[in-house]
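Structure, as structure tokens:
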Amino acid sequence: MSKGKPTPKLMPKEELDVLLQEFSNLKAYSNAVRQQLEFTSSIIGDTLLSKASLIEIKARNGSGETLIPIGGGNYVRAQLQDVKSVVIGIGAGYSCEKSLDDALVEIDSRIKKGQEQANTVQGQYMQISSRLEQLQARIDQLYAQLEAAGQA
């Protein structure tokens, strides 16, 4: 906005159209942000599960019976023998072998980054939700004005 020119005041119907468009755009963005938050939370959950599994393997000195997921909620029983390292994904379809301790450090780092990202996305979602509430209140107010004037 320039300092020299005042913003022209919109008629209630024009303002309503502008607000409805903004509301629609923000609602779509809100859904995308919510999906990103759900995805991030899912990744954090999976990573926490990996950490718990590695801690259990380490506590058993790398041996003992375990269940290995084979997809679709199905598992195979397996006997672990002298596990000293694990293969962890490093992104873009690549993996590398790391000691249990190094893998735990890497997983802790990923959990921390995931939680930071989730907090950032949660903050964005809360800002969007707040703006949607403000818009909804103003839209309701404008509808009431238009109805009272017989223009709705």
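The values are calculated or read from the model by the stated rules, or taken from the named source; none is laboratory data. Quantities reported herein were computed from a predicted structural model and do not represent experimental measurements. Because the Cβ atoms are built from the backbone with ideal geometry, glycine has one as well, and the counts that use them run over all protein chains shown.
Just one of the numbered conditions (1) surrounded by 14 or more Cβ atoms within 10 Å (Cβ to Cβ); (2) more than 19 Å from Lys113 (Cβ to Cβ) is not true of Ile44: (2). A Cβ distance below 7 Å, combined with a sequence gap of six or more or placement on separate chains, defines the contacts here; from the stretch 23-50, residues that are under 30 Å from Ser85 (Cα atoms) reach residues that are at pLDDT 95 or above and of a type in the set (S, T, N, Q) in the pairs Thr40/Gln117; Ile44/Gln115.
When we screen Val87, Val76, Val83, Val33 for residues that are more than 30 Å from Leu142 (Cβ to Cβ) and under 28 Å from the mean Cα position of the chain (by Cα), the only hit is Val87.
With respect to the stated conditions, Arg110 is within 18 Å of the chain's Cα centre (by Cα) and assigned to a helix (DSSP H, G or I). Being exposed (fewer than 13 other Cβ atoms within 10 Å of the Cβ) and touching a Phe, Trp or Tyr at 6+ places or on another chain (Cβ under 6 Å), is that true of even one residue in the stretch 54-61? No: zero hits. Note on the stretch 30-102: enclosed strands (runs of 3 or more DSSP E) holding 3 or more residues that are of a type in the set (A, V, I, L, M, F, W, C) are 64-71, 74-80, 85-91.
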